[in-house]
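The values are calculated or read from the model by the stated rules, or taken from the named source; none is laboratory data. Since the model is a prediction, treat every value here as computed from it, not as a measurement. Because the Cβ atoms are built from the backbone with ideal geometry, glycine has one as well, and the counts that use them run over all protein chains shown. For accessibility, only protein heavy atoms count, side chains too; no ligands or nucleic acids. Shrake-Rupley method; radii C 1.70, N 1.55, O 1.52, S 1.80 Å.
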Amino acid sequence: MENPLIPSVRITGEVHHIRYENPDSGFAVLVMTSPEGGRFTACGVLAGNAPGKTLELTGHYEEHSDFGREFKVESFREVLPRTAAGIARFLCGTVPGIGPKTADLIVKHFGDDTLAILDRSPRRLVEVPGIGPRRAADLAAAWKQNGDRRDQLIFLQGLGVTPAYCRRLFKRYGERAAEVVKENPYRLAEEVDGIGFLKADAIAHELGIAEDSPDRLAAAAVFALNEATGAGSVCLDLAELAGRTAELLKRLPADGENAVRLALGKQLLREDNGKIYTPQLLRIEIALPLLLKELATCPKFAGRRLAPRRGAEARFAPEQLQALENAGRYPLNIITGGPGVGKTTVVGELVARAKAAKLRTVLAAPTGRAAKRLAESSGETGAKTIHRLLAFDPATGKFGYNREHPLKCDLLIVDEVSMLDLPLACALFAAVSPGTSVVLVGDVDQLPSVGPGRVLADLIGSGLFGVTFLTKVFRQAEHSRIIVNAHRVNRGEMPEPGRGGGDFYWIEQEDPLRVQEIIRELVTTRISGRFGIAPSDTQVLTPMNRGPCGAQSLNELLGGVLNPAPAPELKIGERTLKVGDRVMQLANDYDKNVFNGDMGILARMSTEKRRFVVRFDGTRDVEYAFDEADMLIRAYAITIHKSQGSEFPAVVVPLLNQHFVMLRRNLLYTAMTRARKLLVLIGGRKAVEMAVRNARNEVRSSQLLSRLRQIRSQLTK
């Protein structure tokens, strides 16, 4: 980053050798040769520059306490070498198929004009003694490809695109990278990870695109709406979207409204009620109620064949019996309730009744961990993630099972439905044939889905489903202070530690640094020593990523004490992955058969092959390339949002005043319900009170509930 107190200078040098390089972060330390023949060290975002390349560097010199004088690079561009020796080194360092011997032959034949001749007529390589026609053709093709990529790099870096982002552009667009940027740099904000509107806007400015360009204004409106949908909303009012767009553009609200209007009818759509959508989410929000209407009105649904088993009246509470009876009464059913109320028991009985009735039963959940728990609790081994169930193809972005090719089942049971977002819900119900009985199971009081919508709450409020609220906490659960206190928090009451220990503890502490130390002690020695729960089975859940008690800082702290031995490691931006680390998968990868929320151990790494292996479930090894490392994070500590659908033997939750922007009742409730055997809450009373009292959930703009109620109204006329 440029230091305004130190004037920048521009120098030129040839890469002599690479002292250090991290291709994923882009940082490198290069030993350079100056035009006068001297040596100097350059460091910065320089990865990908091979020995022999000549670079024009902009930056300043600094004195490093350990390494001496270094040139800190702020930006650079590649320039072609001018001397015969430099050209030879350049050829063997950048063109595949050309080694030192071949490079010397070429430069000896063409001299200082080598590069100009290769650019104008690379087939003249056949003139070089020792290079036959076939090899000359191969080298000419390699030179052309290298030249095209080099020219694009020079062009992109001239626009202020760093080498690290250049790699992302080439990965996304291939050899069309520069062409795409020239045509519409604002595409990058939507399609390339890490490039938001502001970065795309800076590139557009370098291309000479005017500030009042319609493309720029419309792109800002689209980006503002995409940011809102990324935070959970499905649509926005014109005024709100205009305000967000104006803030992004640093202009007046009227300019924001003009920008939105420029995008309407093209990238954005407006409903009659004034709500503004992306075309995809509008289509989905319209389609889902129609799909549910078709399922809800089918007179012959498989659930009618579910007969009670002998002794059911004695084995189940009235609420549970109601849930079981609803499965035979309505084609669409929801079972909701908190921990310890018998949701799992009801699902197990439904599966048993379906077997007795010879119904084809399918079980699914949004995440791999949730699907695994559903399989274990129901006794059915075939539970799958929803994406796996619907045969999602990552290459096309489409599902194999859909309206034209529906699932073949009579009873569909989906667990952890609080995690179901609007697009996935629509894909799921599109693949369900009329006549199938659907049972959704989830806790409506937990955090909503990460993706757009508040699907479970809207389905419950729609009137299209038979809904059973399970509230009775069963006797075996009444002895768990975790469950009792989770229900207290959900009712707006403060948690109470049990007398004489138990499975719930609250350590009152407000100093973040002291909380860090307590977490370190708990995870490393105190929990294992007193409760026999290993550190590998203890999970820290925190409200935020940033701050002293955020996931990033706690991962650095815990990684240092739980995995201290020297081992190969990989840096990805601010993050580090090290052999021996506990890691979590951030995205579904169907080729590798790993899913969002899966956790494992980084087992081994080869810097030479640029690959590493993660061991999931203690037995299954999955290989990753270094450039796939952004799919994983260290997971000694994770955010509460990322813990949805998971359970852990022991959970430690810091809750401090510094987390105030996140402190809501459903956040604390979700964290508490992740613990199976032990829960330790660390925080001051003020922060806990703030969370318990704040029953206001995040605002998510959506019209799904009103659309569902319209369908319900049509059916009751």
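Observations
- Heavy atoms of Tyr636: accessible area, 1.4 Å probe, square angstrom to 10: 10
- Cut-off 13 Å (backbone N to label point 7 Å along Cα→Cβ of Ala307), residues of the range 330-346: none
- Take the Cα of Leu513, go 7 Å toward its beta carbon, and the backbone nitrogen atoms of the range 547-577 under 20 Å from that spot belong to 547-561.
- Placing unit charges on each Cβ (+1 for Lys and Arg, -1 for Asp and Glu) gives the chain a dipole about its Cα centre, and among Phe71, Ala296, Ala425 the Cα reaching farthest toward its positive end belongs to Ala296.
- Approximating the spin labels as points 7 Å out from Cα along Cα→Cβ, the Arg620-to-Arg709 distance works out to 4.3 nm.
- Within the same chain, lysines fewer than 8 places from Lys300 are excluded, and of the rest, those with a Cα less than 25 Å from its Cα are Lys355, Lys358, Lys408, Lys717.
- Net lengthening on full extension, Thr41/Ala352 (0.36 nm per residue, minus Cα-Cα): 104.9 nm
- A Förster radius of 56 Å combined with the Cβ-Cβ distance from Ser433 to Lys171 puts the calculated FRET efficiency at roughly 0.90.
- Sparsely packed loop sites in the range 276-318 (the trypsin sites (Lys or Arg not before Pro) outside DSSP H, G, I, E and B with at most 14 other Cβ atoms within 10 Å) comprise Lys300, Arg309, Arg310.
- Computed magnitude of the charge dipole of the chain (debye, nearest 20; Cβ of K, R +1, Cβ of D, E -1): 2540
- Only protein heavy atoms count here; on that basis, with a 1.4 Å probe, Lys384 has an accessible area of about 90 Å².
- The range 487-615: projected area of the alpha-carbon convex hull, averaged over directions, in nm²: 10.8
- Ranked by how many other beta carbons lie within 10 Å on average, peptides 340-353, 704-717, 365-378 from highest: 365-378, 340-353, 704-717
- For the range 103-188, a simple Cβ point-charge model (Lys and Arg +1, Asp and Glu -1, everything else neutral) yields a dipole of about 440 debye relative to the Cα centre.
- Remark on Thr639: its backbone amide H falls under 5 Å from those of Thr542, a criterion applied only to residues 5 or more positions apart or on other chains, H modelled at 1.01 Å from N.
- With the convex hull drawn over the C-alpha atoms of the chain, the volume per residue is 203 Å³.
- Spin-label zone in the range 148-188 - amide nitrogen under 15 Å from a point set 7 Å from the Cα of Arg77 along the C-beta vector: 150-163
- The range 552-641 pair-distance distribution - Cα-Cα, 10 Å bins, rounded %: 17, 55, 27, 1
- Based on protein heavy atoms only, the chain ends up with 46 Å² per residue of surface accessible to a 1.4 Å probe.
- Backbone geometry of the range 521-529 corresponds, through the Karplus equation with coefficients 6.51, -1.76 and 1.60 at θ = phi - 60°, to 3J(HN,Hα) couplings of 5, 4, 6, 7, 9, 5, 5, 5, x Hz, x marking Gly and Pro.
- Carbon/sulfur fraction of accessible area - the range 347-488, other protein chains in place, 1.4 Å, %: 53
- For the chain, the mean residue ellipticity at 222 nm estimated from helices alone is -11500 deg cm²/dmol, where every DSSP H run of n ≥ 4 contributes -39500 (n - 2.57) and the total is divided by all residues, rounded to the nearest 500.
- Relative contact order (%) - the chain, alpha-carbon pairs under 8 angstrom, separation at least six: 10
- Label point distance in nm, Glu206-Lys108, each placed 7 Å from Cα along Cα→Cβ: 4.1
- Length gained when the stretch Glu190-Arg530 is fully extended (0.36 nm per residue, less Cα-Cα span): 117.4 nm
- Neighbour cut-off at most 11 other Cβ (10 Å), DSSP loop, GluC sites (Glu not before Pro), the range 166-196: none
- For the range 532-601, the relative contact order works out to 16 percent when only alpha carbon pairs closer than 8 Å and six or more residues apart are counted.
- Fully extended contour minus Cα-Cα distance, from His17 to Leu198, at 0.36 nm per residue: 61.6 nm
- The GluC sites (Glu not before Pro) of the range 220-318 meeting both criteria, a DSSP state outside H, G, I, E and B (loop) and at most 13 other C-beta atoms within 10 angstrom of the site's C-beta, are Glu271.
- Considering only His641, Asn596, Val579, and ranking their Cα positions along the charge dipole of the range 571-646 that arises from unit charges at the beta-carbon of Lys, Arg, Asp and Glu, the one farthest toward the positive end is Val579.
- Of the two radii for the range 351-436, the radius of gyration is 0.96 times the Kirkwood radius, both from the alpha carbons; that is the Rg over Rh value.
- In summary, the lysines within cross-link reach of Lys144, defined as a Cα separation below 24 angstrom excluding same-chain residues under 8 places away, comprise Lys53, Lys101, Lys108, Lys171, Lys182.
- Share, in percent, of DSSP beta bridges within the chain that are antiparallel, nearest 5: 60
- Ordering Gly379, Ala327, Gln267 by Cα displacement along the dipole of the range 231-380 toward the positive end leaves Gly379 in first place; charges were set at the Cβ atoms of Lys, Arg (+1) and Asp, Glu (-1).
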